[in-house]
Amino acid sequence: MPHETLVWPGWDGAGNLSASAREARYELLVSHARRHDLGLVLTGHHHDDDVETHLIRRENGADLFGRAGMRPLRWLGPDVLLGRPFLDLPREMLATVVAAEGIAPVDDPSNRDPAYDRARIRLALGEDAKLRAKAARDLARCKEARRRGEGALAGLLADLETTGRLRCDGGGAVVLDHTALSDISDRCAGHLLSRAIVAVSGRAEPPSRAQIRDLLGWLRAAAIGADRSGNEGARGTRSLGGALVAIEGREIVLMREFGRTGIPALPLALAEPLRRGFAPEMAAPVLSDGRAVVDAGSWTGFAGARIVALGSLGLGGRRIRCLPVVVDGAGRPRAAAHAARARLAPGIAPLPLRFLTRRRLWRDLFDEEA
């Protein structure tokens with residue numbers, strides 16, 4: 001069978017081995033897909049894997065959505081999808097099909113090593129049919145709850161956008177009308193805030209449920225106070241998960257936080273180009289700060305060129321100091337986002353970019369039955 005083996009340099013000993021290996025595996029697959037301009041990666045995950053994931057996440061205290069296990073379709077990056085076409089099929093069925101084709105699967109002995117949580121759970125499921133059946137039923141219930149919950153969230157997002165109570169501005173921020181959180185459940189409002197924070201911060205992991213509950217309580221109290229006083233000038237800011245959440249009059253603005261240590265620079269020589277098909281209008285699209293696609297095509301030839309935040313040059317207020325700027329090896333600005341150019345010397349070239357805020361806000365809200 002024609003194939004290409006992707007090699008992981010190995011674990012550096014930090015953190016969890018299984019998690020590090022899983023992250024590295026997906027990074028290798030995404031890089032491979034980008035080199036070949038492929039928008040979809042398929043994996044062989046099956047129903048038994050999904051049940052094991054459900055139990056692992058339950059043991060780790062995951063919420064209902066987390067306990068719903070793997071998704072049949074999700075984004076690995078802004079430009080590459082991960083599909084799991086065998087997720088409803090049991091391992092035994094796939095093993096039978098593979099054996100019938102005369103294919104000998106690779107055997108990984110770590111799959112039977114009880115030192116690993118997944119292996120321990122796999123062994124327990126194999127020895128207890130009742131446990132296996134109950135876990136499968138619980139997983140199915142969690143999946144249905146996630147499907148309903150995310151369907152409701154998608155409907156809420158669509159309504160907020162249609163009525164103008166939610167918008168993604170040109171600087172990568174999410175702007176909510178102060179009434180957007182007033183007539184929805186705590187759970188739905190929490191998921192909305194969590195997604196918005198992830199969308200604007202560029203991070204992969206959301207804040208904890210306790211942090212989101214605290215933030216929601218603060219925002220709702222401020223909205224109630226504004227309604228009672230008729231105060232159009234309410235102000236207040238909190239920091240959470242790499243984002244600033246600011247109350248600005250009758251609006252809630254969620255934006256990227258520059259932070260005490262700033263935003264790490266992206267050396268263009270090390271930046272991995274995204275799929276050309278994802279941004280065909282760009283010569284060399286790269287992902288900047290996890291939240292924007294920047295065309296680095298004109299600047300990759302400059303020795304030491306890198307993308308930095310405007311704030312790293314000591315410029316910009318909180319709404320624009322996280323905007324990307326291309327600097328050369330000597331640190332001289334060469335190109336910048338539109339709003340940042342006004343803060344720099346004349347002659348700075350425009351930097352083509354596309355913020356992924358809305359895409360990240362809607363991330364993985366697929367209809368799993370479609």
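Projected over every direction and averaged, the convex hull enclosing the alpha-carbon atoms of the stretch 93-213 yields 12.6 nm². Across the options HIS54, PRO105, CYS142, the greatest Cα extent toward the positive end of the charge dipole of the stretch 17-149 (unit charges at beta carbon of Lys, Arg, Asp, Glu) belongs to CYS142. Computed from Cα positions, the angle between helix 209-229 and the longest principal axis of the chain comes to roughly 40 degrees.
Relative to the longest principal axis of the Cα atoms of the chain, the long axis of helix 129-162 lies at roughly 20 degrees. Helices in the chain, meaning DSSP H runs of at least 4 residues, each add -39500 (n - 2.57). Divided by all residues, the mean residue ellipticity at 222 nm is -11500 deg cm²/dmol.
Qualifying GluC sites (Glu not before Pro) in the stretch 180-289, where qualification requires a DSSP coil assignment and no more than 13 other C-beta atoms within 10 Å, comprise GLU232, GLU281.
Using the Cα coordinates of the stretch 17-149, the gyration tensor eigenvalues translate into equivalent-ellipsoid semi-axes of 24, 20, 16 Å, sorted from longest to shortest. Using only side-chain charges placed at the Cβ, +1 for Lys and Arg and -1 for Asp and Glu, the dipole size of the chain relative to its Cα centre rounds to 1120 debye. About its Cα centre, the dipole of the stretch 266-359 is roughly 380 debye, where the only charges are +1 on Lys and Arg Cβ and -1 on Asp and Glu Cβ.
Computed over the chain with a Gaussian network model linking Cα atoms closer than 10 Å, the most mobile of ASP88, ASP128, ASP37 is ASP128.
With a cut-off of 8 Å between alpha carbons and a minimum separation of six or more residues, what is the relative contact order of the stretch 17-149 in percent? Value for the stretch 17-149: 28 percent. Against the chain, whose longest principal axis comes from its Cα atoms, helix 47-59 is set at around 60 degrees. Just checking the listed ones, LEU17, LEU42, LEU73: in the Gaussian network model of the chain with Cα springs under 10 Å, the one fluctuating most is LEU17. Normalised by 2.2 N^0.38 Å, where N is the number of residues, the C-alpha radius of gyration of the chain stands at 1.12. Considering only GLU127, GLU101, GLU27, the mean-square fluctuation computed in a Gaussian network model of the chain, springs between alpha carbons under 10 angstrom, is largest for GLU101.
The numbers here are math on the coordinates, done by the rules we state, and not lab data. Keep in mind it's a predicted model, so treat the numbers as computed, not measured. Neighbour counts are summed over all protein chains in view; Cβ atoms, including those assigned to glycine, are modelled from backbone coordinates with ideal geometry.
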